[in-house]
Structures are given as structure tokens and as C-alpha cells.
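Engineer: Structure in C-alpha cells, see below.
The values are calculated or read from the model by the stated rules, or taken from the named source; none is laboratory data. Note that this is a predicted model, so its numbers are computed, not measured. Here the Cβ is made from the backbone with ideal geometry for all residues, glycine too, and neighbour counts use every protein chain on show.
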Amino acid sequence: MAGGVVISSSGGKVYPGHMTAFVFFSCLVASSGGLIFGYDIGISGGVTSMDSFLSEFFPSVYAQAKANKEKNQYCKFDSQLLTLFTSSLYLAALATSFLAASVTRIFGRKWSMFCGGITFLAGSALNGAATNVMMLILGRILLGIGVGFANQSVPLYLSEMAPANLRGMLNIGFQLMTTIGILSANLINYATVSIEGGWGWRIGLGLAGVPALIITLGALALPDTPNSLIARGYTAEAKKVLVKVRGTSDVHDEYDDMVAASEEAKAIEHPWRNILERKYRPQLTIAVLIPFFQQLTGINVIMFYAPVLFLTIGFGGDASLMSAVITGLVNMFATIISIVSVDRLGRRALFLQGGTQMFVSQIVVGTLIALQFGTTGEGEMSRTYAMLLVLFICLYVAGFAWSWGPLGWLVPSEVFALEIRSAGQSIAVCVNMTLTFIIGQAFLTMLCHLKFGLFYFFAAWMVIMTTFIALFLPETKGVPIDEMNLVWSRHWFWSKYVVQM
Ligand code: BGC
């Protein structure tokens, strides 16, 4: 049968593909968009814990921190101005995701990635050379625009390029690059904090230009996805790319399916209005709730504030930055576990296992902190407790890294029909960035008020989201992206909304 078509247990057609060098390299280059995202997550927590950076740009925060006689450990770092520096980027990213949706649909995935790279490049130059807060904030806004473009286009690019049976693995390349970005940033923080003259932060912020350059040049060299080429009328080129990515000229059936999906998509003039139709309710729910829940795991409390959190529990400055390197390493290696298992075990198994592990770890972390600091927040953490705490934080990060981390981007990017794919992905990016912003902004205040209860708060969300997955997320492993409709029409709940065609 052409292209080795088989009928899957869900009744859909599957075109088993293998890993060709072409698909591997295209996806590798595109995933480097994740480096930008990750680098930025990792770098800001570090620079905002550096005295030289604070005294130059946020003198009042610096003075307050130095004069701080606060004995309450939970409230030591509560400053809105400081958190605004970290989280302002996510505001720019969420606003951009809508513009990126149009660029991705009208000009293709490739040019959206390029826009991301180039604005990010400008942002890192401005930040590295910053002499006043205005330059710093403007730089952050440009970085945010870059992230908005990249996070909108890269996951879609990967999901469309990959053969269905390798889609999970190739898509998670994005998350792996994100974790590599975070880890590099953690290492650079660690290496630059002690630079004499206190300009180490300039290296940290300016080096963001390296991943930006990679994705900018990479996007120029990459072909667009067959789906996007067909949708924009470049059918001959689409076929050429499909032959190359699949490594065989026997691609007619898959190509015809893509054309059919594109025809259907063309009949739809208003993707934004359409996505609100009843028949897209399951996809809309996933696009909103998956990124919403991903942020309510509380992961960015660790990613943004690990150094500050470790300072809070009594580690020294260096040890705090070092602990952030440890969580960064765990994050990266655990993502690899997800890469090798997601297309075999499936998305649901990873979500359920990872969610449970995160729940248990959060309860233990909250309890350890409660035992040491109680509700007054006064006390010192003993060495044994501190080690146990780091261990459970690592178990928590590992659970995230093979479940909600990668799947939070994979699942929304693979569930949409072509006609609403770009709009749907923007909603996912927008929800993700909004929640990242809110949590980034609120964490230090929440820690001050909820105290150790903050960890129980996130643990309660873990129960809700894990139950949601168990009941409402159908398995999508191995299902071709243009056959996803079947998955909903056979689900116990969503079949009320989606009829089989
Ligand atoms: C999330 C980020 C998070 C990162 C940690 C990503 O999937 O979207 O918010 O910081 O994972 O690895």
C-alpha cells in the first residue's frame, strides 16, 4: 500500500515514518527556538539575585534588601518591582502571540520563527548594553516579542514535520532545548556572579544573542512544512519537502490527505470565530486548560526563583546558584526520558505518573519547610533538612520534566484541525504566558502570605489537573495530525461535541 498505510486501532490512517536525516536536522534547527525561551527563564532569576545588578538598576530594592532586618524568611524578598523585571517579558509574549498567529498562517511557520529570532537578537543586544532601566525594559519587551513568535511557530512546525509515530519525540525537541537554555543560563549565572567590577550580568543578558542567532539563521535555511506550503498554494514545493522529510517518493496518500485537510481549511474564513464553534469545544478546552494547568504546577517558582528560594532557606549565595544548576541538570536529563517514552507509553501515562510524583514531592517540600520555619517564618534550616529539601525539589522537577513540561507544548500543538491550528496554538501560548506572568509576579508575595502553604496550594492543583487528564484527555500517540477528529469522536465525553465524519 502506498506509503505503507495502515489503519490504526482508532480507525485512522497512519503513515509509519522513519527518522530521516532531513527530518532530524530540520527539527533540530527549529527546536533551537526553545533555547531562546529557556535561556530567558534561567537568566533573570540569577541576575536579580546579583548585588551589582540590583544596585545599578533597582537601587531602592537593593537598599531595602541590605537594610532588611526582616526575620521572617518567607518575606525577605517581597518586591513587586523586582518581579516585574522578570515577568514583564511574558506580557509582551502574550500580546505578540496573536500577531504571530497571522504571520504563521499567512507567511508560513518559517517566517514566524525568523521574526522571533531577529527581535530576540535586538532585545539581547539592548539588554547587554543597558545603561538605564528604560533600556532594560525595552530589551525585555523585544525578548518577549521573540518568545511570542517562537513559541507560536516552533511547536507547530515540529508537529507538522514529524511522521505521526515520531511526533512526540520530535516535538519534545523544543522542550529539551528549553531545558538546555535554562541550564546554560544557570551555569552562566554561576560563572559570572563573581566577576570583579560587577558587570557579570552584562555577559549573562548579552549572551542571549547566541541562541537568537542560531534560530535566526536556522529559520532562513529551513524549508516550511508541507501543510503550510499546501495551505499557501505552493503544492509542488510541498510535495518535494514531503518526499525529502519522509525519505521516500511514495507519499501520495499522505499528500492527498494534506490537500484534503487544506481544502477543508480554506472553506473557513474566520479561524478565530470558528474555534468557538461547538464542534471545536474539546480542542478549545485543551488549548486553554493544558497551559493553564502547566503553570499551576508551580514549576516557574523553581525556575525563576530557585536561587532566591535557596537563599531563603539559608544557603549562601554561591550554594544557591549551584543548587539552581542542579535542578537545571535534573530538568534536562528527565526531559530525555520523556523523549524516548512518549511515543511508546503515550501522553496519558506520562501525565498521570508525573502528576502523582509532583503531588507527593510538593507535600513533602511544604511539610519540611513547615517543620523548620512554622508559620512565623523564623528559624534556620539544618543541613539534613536542606539536603532533603533539595532532593524532593529535584524529584518534583523530574516529574515535571517528563510530563507537564514537554506535554504542555506537545498536546495543544497536535490536537487542532488545520483550519484552527494557528489560532489554537496562539490561545495556548497566550494562556501559558498570562499564567507565567501572574505566577512570576505573585510568587514572592504569595510566599510571604501563604508561607509553606504555598506548596500545598500547588499540590491541590496537581490533584485537579491529574483528575482532568484521567477523565478528559484522550490518547493522541501515533494518530496522524490530520486524523485527530476521530480521537474526539470516540471519547466517552467529547463524542457529544464531535461527530465522526
Ligand atoms: C514551561 C516553562 C518552564 C519550563 C521549565 C516549559 O514547558 O512552559 O514555563 O519554565 O518548561 O523547563
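Listed here are the residues, each with its yes/no results for (1) under 26 Å from PHE493 (Cα atoms); (2) at pLDDT 85 or above; (3) of a type outside the set (A, V, I, L, M); (4) touching a Gly at 6+ places or on another chain (Cβ under 7 Å).
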residue	(1), (2), (3), (4)
ALA260	no, yes, no, no
VAL288	yes, yes, no, no
PHE292	yes, yes, yes, no
PRO307	no, no, yes, yes
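Engineer: In contact (Cβ under 8 Å) with a residue 60 or more places away in the chain, assigned to a helix (DSSP H, G or I) and touching a helix residue (DSSP H, G or I) at 6+ places or on another chain (Cβ under 9 Å): does that describe LEU142? Please lay out each step first, then the result.
Structural biologist: On the way: in contact (Cβ under 8 Å) with a residue 60 or more places away in the chain: no; assigned to a helix (DSSP H, G or I): yes; touching a helix residue (DSSP H, G or I) at 6+ places or on another chain (Cβ under 9 Å): yes.
No.
Engineer: How many of the residues making up the range 122-137 are touching a Gly at 6+ places or on another chain (Cβ under 9 Å) and crowded, with 17+ Cβ neighbours inside 10 Å? Step through it out loud before you land on a result.
Structural biologist: At the first step, the residues of the range 122-137 found to be touching a Gly at 6+ places or on another chain (Cβ under 9 Å) are 122-130.
Those still in the list that are crowded, with 17+ Cβ neighbours inside 10 Å too: 122-128, 130.
Adding up the residues that qualify gives 8.
Engineer: Quickly run through the range 163-215 and pick out the residues that are at pLDDT 90 or above, β-branched (Val, Ile, Thr) and crowded, with 19+ Cβ neighbours inside 10 Å.
Structural biologist: ILE172, THR178, THR179, ILE180, ILE182, ILE188, ILE215, listed by residue number.
Engineer: Return the total of residues in the range 335-381 being within 16 Å of the ligand (Cβ to nearest atom) and hydrophobic (A, V, I, L, M, F, W, C).
Structural biologist: 7
Engineer: May I ask you to list the residues in the range 86-103 that are modelled with pLDDT of 85 or more and crowded, with 21+ Cβ neighbours inside 10 Å?
Structural biologist: Result: LEU89, TYR90, ALA92, ALA93, LEU94, THR96, SER97, ALA100, ALA101, VAL103.
Engineer: Say we look at the range 234-252 and pick out the residues that are among the small types (Gly, Ala, Ser) and modelled with pLDDT of 90 or more; which of these is surrounded by the most Cβ atoms within 10 Å (Cβ to Cβ)? Let's see the steps before the verdict.
Structural biologist: Going through the range 234-252, the residues among the small types (Gly, Ala, Ser) turn out to be 236, 238, 247, 249.
Okay, now just the ones that are also modelled with pLDDT of 90 or more, so 236, 238.
Numbers: ALA236: 9, ALA238: 24.
Among them, the one singled out is ALA238.
Engineer: So how many residues does the range 29-49 have that are more than 10 Å from ALA185 (Cα to Cα) and within 11 Å of the ligand (Cβ to nearest atom)?
Structural biologist: So the answer is 2.
Engineer: Looking at the structure I just gave you, is ALA150 buried (at least 24 other Cβ atoms within 10 Å of the Cβ), within 15 Å of the chain's Cα centre (by Cα) and at negative phi? Quick ask: steps written out before the conclusion?
Structural biologist: Numbers: buried (at least 24 other Cβ atoms within 10 Å of the Cβ): yes; within 15 Å of the chain's Cα centre (by Cα): yes; at negative phi: yes.
When the stated conditions are applied, ALA150 passes them.
Engineer: Please state which one of THR83, THR119 is at pLDDT below 95, of a type in the set (S, T, N, Q), buried (at least 22 other Cβ atoms within 10 Å of the Cβ) and part of a helix (DSSP H, G or I).
Structural biologist: Numbers: THR119 fails: at pLDDT below 95.
Criteria check complete, one pass: THR83.
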